[in-house]
Amino acid sequence: ARAVVQHHLAQALEQAIAGGELVNHYQPKVDMATGAVVGVEALVRWQHPQWGMVYPDQFIPLAESHQLIDPLTHAVLAEAVRQAAVWHAAGWALQVAVNVSMDNLGALDFPDQVAQRMFDAGLAAHSLVLEVTESRLMQDPRASLDTLTRLRLKRIGLSIDDFGTGHSSLAQLRDIPFDELKLDRSFVHGAAHDPALTAIVEGTLAIARQLGIKTVAEGVEDQADWDFMRARGCDVAQGYFMGRPMPAEALPGWLAQWEVRRAGLTVAPTAGLQFADSRPQVVHVQHF
Ligand code: C2E
Ligand code: CA
Ligand code: CA
């Protein structure tokens, strides 16, 4: 019975992809030192006429098991690239991130297709970041490695997603030159009050720094998470504390509100600045 239900759901999803029922929401990624908005992550939703909004955890695994992940990813990419071009034309040079499944990387023409999309939209390749999670066992690890290397050569940004969950690991950092490492939200939220999480976060940030990889904290939900990750020199934050995923139309309003909020959140120096300040404190003399 379960297989029958799955089959019907897959058919409905296939029609949804073709019929434009998938919509991208966008969640801001914010530079922790300055508060500048550096980009957004596209997160797909299925706007079903009867069921309402369906979240990706409910249909990405289905897409992966029913050969629908290629059309799905291309639908999300097409919309994200189109939207990025609109924002760039409006003067917001936002980097747009799109989640890709390991299965997408099995297609050897994927890098060419992605690069062509960016070229057609008049955007630089590095304005796109592909976030990759190793969600399940790869059928052909060599092929995905090959595809990632060619994306990299085309200057498409590569991000290792859900880092630390066991899906994404140190071994991948050795094999693939990622630009960005995303700390999974299970390590970020509440890390300030949890010695084990603190150790994991600090260790991961140190490794990324050694390798010259930009760090992004997911799941920054409150001021404590923000202060903690910022004080440890994490580069970029994403989470409900700054903003939830939102339709593209809502982003200009959010940006305006963020401009007001950001000043109050970036007063204390970050770890990087503290390091610079630990030189002889000449500037403080004038206060006496
Ligand atoms: P992810 O890539 O780890 O994306 C982050 C998820 O965390 C998103 O859930 C986002 O809404 C949620 N999130 C963001 N900030 C916070 C926070 O502060 N607290 C908490 N608790 N959660 C937060 P969402 O949109 O439901 O997406 C779930 C997953 O589905 C994503 O996890 C990603 O793996 C996958 N996904 C989403 N869109 C796509 C897509 O277009 N293609 C593929 N292949 N996968 C996608
Ligand atoms: Ca992601
Ligand atoms: Ca995650």
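For the chain, give the percent of accessible area contributed by carbon and sulfur heavy atoms, probe 1.4 Å, rounded to a whole number. Spell out each step's value before the answer.
On the way: 8230 of 14530 Å².
Here it works out to 57 percent.
The angle between the Cα long axis of helix 110-120 and the main principal axis of the chain comes to about 70°, on a 0 to 90 degree scale. The local environment of M229, defined by Cβ-Cβ distances under 14 Å, has a net charge of -3 under the rule Lys, Arg +1 and Asp, Glu -1. Ranking W226, G52, L22 by how far each Cα lies toward the positive end of the dipole of the chain (charges on Cβ) leaves W226 at the top. The DSSP beta bridges internal to the chain are antiparallel in roughly 40% of cases.
Counting every C-alpha pair in the chain, the share spaced more than 25 angstrom apart comes to 51%.
The heavy atoms of W46 present about 10 square angstrom of accessible area, all protein chains included, probe 1.4 Å.
Over the C-alpha trace of region 167-251, radius of gyration and Dmax come out as 13.4, 40 angstrom. Once C-alpha pairs closer than 8 Å and six or more residues apart are averaged by separation and normalised to the residue number of region 146-278, the relative contact order reads 18 percent.
State the extension gain, in nm to one decimal, for the chain segment bounded by Y240 and A271, taking 0.36 nm per residue of separation less the distance between their alpha-carbons. Walk me through the numbers before you get to the answer.
Values: separation 31, 0.36 × 31 = 11.16 nm, distance 2.29 nm.
Gain in length upon complete extension: 8.9 nm.
Inverting the mean 1/r over all pairs of different Cα atoms, compute the Kirkwood radius of region 143-187 and quote it in Å.
11.0 Å
Computed over region 80-121, the convex hull of the alpha-carbon atoms projects to a mean area of 3.1 nm².
According to the Cα gyration tensor, what semi-axes, each the square root of 5 times an eigenvalue, does the equivalent ellipsoid of region 58-135 have, listed from largest to smallest in whole Å? Write down the numbers at each step before the final one.
Values: eigenvalues 114, 33, 21 Å².
Equivalent-ellipsoid dimensions as semi-axes: 24, 13, 10 Å.
For region 123-219, the Kirkwood estimate of hydrodynamic radius, built from reciprocal distances between every pair of different alpha carbons, is 14.1 Å. Excluding same-chain residues fewer than 8 positions from K29, which lysines have a Cα within less than 22 Å of its Cα? Once the sequence-local lysines are set aside, what remains near K29 is K182, K214.
The values are calculated or read from the model by the stated rules, or taken from the named source; none is laboratory data. Given the structure is predicted, the values throughout are model-derived calculations rather than measurements. Heads up, the Cβs are rebuilt from the backbone with ideal geometry, glycines too, and the neighbour counts pull from every protein chain shown. Heavy atoms of the whole protein, side chains included, go into the accessibility calculation; ligands, DNA and RNA do not. Shrake-Rupley method; radii C 1.70, N 1.55, O 1.52, S 1.80 Å.
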